[in-house]
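S.K.: Here it is: the structure, laid out below.
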């Protein structure tokens, strides 16, 4: 069989594909610095109104325990969702035990939570040190993060995988900060990890619900080596009013960062979330996130962010040779005067513009050396422009308003339907489910007994 000519052509070796992201080591101290309780005292005046409640070991044990048992209250039944509605003397002791108030060992925290809700106008948004239970809103009667009672909060916290990660796996893939810490460790790695987790000062953060909150105006900002590298919207839907606001929003966020976080935050690289409500005059700090793979890069990818040209490389526009002028042309060939000033457009790339270099087309004035020197000084002072990316109108997922988030945390439709009826619906669903399981177990036992009698 003849060999194709293409097979005889020597091809350059393809670049090696990285098998893992080139992240610097993530330390435990960096994770702790991003904990809400760690940075909140310093930036309290920059955040929406919130209250922090230190959590005791009994309350943490309650969050870690299986099942959802809620304290009795004005808007909650006294029985547990783990209760079995079936009759039988053998279940009497179990029912009595399950009906015991789970908050009896942390009554002080329970009361503090109720008092804080009342203080914040009976509407709060909960989170732990790092994560909010956004993945558990399916179980809330309102299908959102807003909570009006203590039991609303417990229901979200105990149903959230994000909260479980805070409690059990917050130091996964982290390195110790000093050799002394590792030398002082004894026993198995698992025991050491448990000891470290037990020393974390866990807090419940209750933030006052922001009236008329607009998710389109919440943005995630990425900081590398104390330089604001790039910005993107957090909500993954297209909002037509955002692109014209990009220059103003970028200027506000960059000024906010340089004034408050650039030198004040302990770590050089991190991500932070901000909210810029109308009339776009103030920036609110919402959260601080680790510079680690666990932080969602949203409209970017971490590989893209880690390899992005930053302020340390000069401006985002590549340098050209001396005597070369870069002009930006629109798709129809007309000159785009705003391309350089505006930087990245709605999707972060100047996809519809073409750059053309004209070499030696301008006459040089031998008597204008002073002007050249001034131009060079201006170039040296050129300020790096962070890329600002929002969802484009033509993006496939630009209109996903009804698309469920956190698909990894989806549950069967029967469970979701039951949650739509609130606590009563879920309680009835669980009772029915346990009856079905008990019936199956009885049938299996009867079948086994019948087989034994035949033998």
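The values are calculated or read from the model by the stated rules, or taken from the named source; none is laboratory data. Just so it is clear, the model here is predicted, and its values are computed rather than measured. FYI the Cβ positions are ideal-geometry reconstructions off the backbone, even for glycines, and counts take in every protein chain you see.
S.K.: Considering only region 1-23, state which residues are surrounded by fewer than 12 Cβ atoms within 10 Å (Cβ to Cβ) and either touching a helix residue (DSSP H, G or I) at 6+ places or on another chain (Cβ under 9 Å) or modelled with pLDDT of 75 or more (or both).
M.R.: Within region 1-23, 18, 22 qualify.
S.K.: Right, here's the next one. Would you confirm, using the coordinates I've provided, whether residue 95 is at pLDDT below 85, outside any loop (DSSP other than H, G, I, E, B) and either surrounded by 12 or more Cβ atoms within 10 Å (Cβ to Cβ) or out of contact with any strand residue (DSSP E or B) (no Cβ under 6 Å at 6 or more places or on another chain) (or both)?
M.R.: Yes; evaluated as a whole, the condition is true for this residue.
S.K.: Mind listing whichever residues of region 244-265 are outside any helix (DSSP H, G or I), touching a residue at least 40 places away in the same chain (Cβ under 8 Å) and surrounded by fewer than 18 Cβ atoms within 10 Å (Cβ to Cβ)?
M.R.: Once the filter is applied, which keeps residues that are outside any helix (DSSP H, G or I), touching a residue at least 40 places away in the same chain (Cβ under 8 Å) and surrounded by fewer than 18 Cβ atoms within 10 Å (Cβ to Cβ), region 244-265 yields only 264.
S.K.: Kindly list, by first and then second residue, each pair from a residue in region 115-131 that is without any contact (Cβ under 8 Å) to a residue 60 or more places away in the chain to a residue that is part of a loop (DSSP other than H, G, I, E, B), limited to pairs with Cβ atoms under 7 Å and residues at least 6 apart or on different chains.
M.R.: From region 115-131, the pairs are 122/148.
S.K.: Quickly run through region 29-44 and pick out the residues that are in contact with a helix residue (DSSP H, G or I) (Cβ under 8 Å, 6 or more places away or on another chain) and either in a strand (DSSP E or B) or crowded, with 17+ Cβ neighbours inside 10 Å (or both).
M.R.: Within region 29-44, 32, 38, 39 meet the criteria.
S.K.: So residue 106 fits all but one of (1) buried (at least 21 other Cβ atoms within 10 Å of the Cβ); (2) in contact with a helix residue (DSSP H, G or I) (Cβ under 9 Å, 6 or more places away or on another chain); what number is the exception?
M.R.: (1)
S.K.: For region 266-279, what are the residues that are assigned to a loop (DSSP other than H, G, I, E, B), touching a helix residue (DSSP H, G or I) at 6+ places or on another chain (Cβ under 8 Å) and in contact (Cβ under 8 Å) with a residue 60 or more places away in the chain?
M.R.: The answer is 266, 267, 277, 278.
S.K.: Can you name every residue in region 132-155 that is part of a helix (DSSP H, G or I), free of Cβ contacts under 8 Å to residues at least 60 places away in the same chain and out of contact with any strand residue (DSSP E or B) (no Cβ under 6 Å at 6 or more places or on another chain)?
M.R.: Passing the criteria: 137, 152.
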